[in-house]
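In what follows, a single structure is set out as structure tokens and then discussed.
Bear in mind that the values in this text are calculations on the coordinates, not laboratory data. Note that the coordinates shown come from a computational prediction; the quantities given were computed from them, not determined experimentally. A quick note on method: Cβ atoms are made from the backbone with ideal geometry, for glycine too, and the neighbour counts reach across all protein chains shown.
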């Protein structure tokens, strides 16, 4: 744990640009009209892009001051000779790294690339880290309904022009646990190229098929969330 003196020496003094003062009222986040909206959005983009250089710079300064890494644009783990690389960000990374270690002990050439900065997205760094793999599996904890993975679209942009197998795996929606056993099956299926382009990890297909059958029978969409919850016993059946 760094001392307060170390923290104070590393961080600049806190000097807020705007404060809430009843004696000096201001509008924060006011709407910008079409006469300047393009320029305001461009400036937001330009400021974000500066972070691609600043994040590694500050990360190096942090490591020098405190003796450990923190932050960074990407975090490759056992990727150098990996044939299969999983890409993810956030809390699932620790579990995936454990699975990678266990799979490596069995001779499986797998690694994981952690995304440290989602915006701005580090296209060049992601491309360099993944270019040598045979296949890339993006493990998503978010879903853009009607298209698939959100992170995957960014990774696909980074890999434009590189020919390798790519898969999107949606997992952990709604806080569902992502287990090591499920990830091990995922690594095995990915290595054999048995994954669908868009895969839903631990999806209860029987539950889904029951609801789809009800829809085919009634020929209209209905309260499918309520129906599924009733099927799994979270809510009771309708009263007679």
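Shape of the chain from the C-alpha gyration tensor: oblate (a/c of 1.5 or more and a/b not above b/c, with a ≥ b ≥ c the square roots of its eigenvalues).
Measuring nothing but how far apart in sequence close Cα pairs (under 8 Å, 6+ apart) lie, relative to its length, the chain scores a relative contact order of 14 percent. Each listed q (0.22, 0.24, 0.25, 0.28 Å⁻¹) maps to a log10 I(q)/I(0) for the range 61-131 from the Debye sum over equal C-alpha point scatterers, namely -0.98, -1.07, -1.11, -1.22. From its DSSP helices (H runs of at least four residues, each -39,500 (n - 2.57)), the chain gives a residue-normalised ellipticity at 222 nm of -13500 deg cm²/dmol. Grab the Cα-Cα distance for residue 1 and residue 216, subtract it from 0.36 nm times how many residues apart they are, and report the gain in nm with one decimal. So the chain would gain 71.4 nm between residue 1 and residue 216. Determine the distance separating the Cα centre of the range 110-155 from the Cα centre of the range 168-223; give it in Å without decimals. So the two Cα centres are separated by 20 Å. Where both bridge residues fall in the chain, DSSP classifies roughly 20% of the beta bridges as antiparallel. Subtracting the Cα-Cα distance of residue 49 and residue 17 from 0.36 nm times their residue separation leaves 9.4 nm of extension gain. Please say if the range 139-184 is rounded, prolate or oblate, where rounded means a/c under 1.5 for a ≥ b ≥ c the square roots of the C-alpha gyration tensor eigenvalues, and otherwise the choice is prolate for a/b larger than b/c and oblate otherwise? Taking the square roots of the gyration eigenvalues as a ≥ b ≥ c, the range 139-184 is oblate.
Here the mean projected area of the convex hull built on the C-alpha positions of the range 74-200 is 7.1 nm². Put in line by how crowded their Cβ is, counting other Cβ atoms within 10 Å and starting with the fewest, 55, 115 read 55, 115. Every pair of different Cα atoms in the range 4-66 enters the Kirkwood calculation, which places the hydrodynamic radius at 15.5 Å. Residues 49, 31, arranged from fewest to most other Cβ atoms within 10 angstrom of their Cβ, appear as 31, 49. Taking a ≥ b ≥ c as the square roots of the Cα gyration tensor eigenvalues, with a/c under 1.5 meaning rounded and otherwise prolate when a/b beats b/c, else oblate, which class fits the range 162-221? Verdict is prolate for the range 162-221.
The length gained on full extension between residue 104 and residue 229, counted as 0.36 nm times the residue separation minus their Cα-Cα distance, comes to 41.1 nm.
Footprinting exposure proxy ranking of 42, 77, 167, fewest other C-beta atoms within 10 angstrom first, gives 42, 77, 167.
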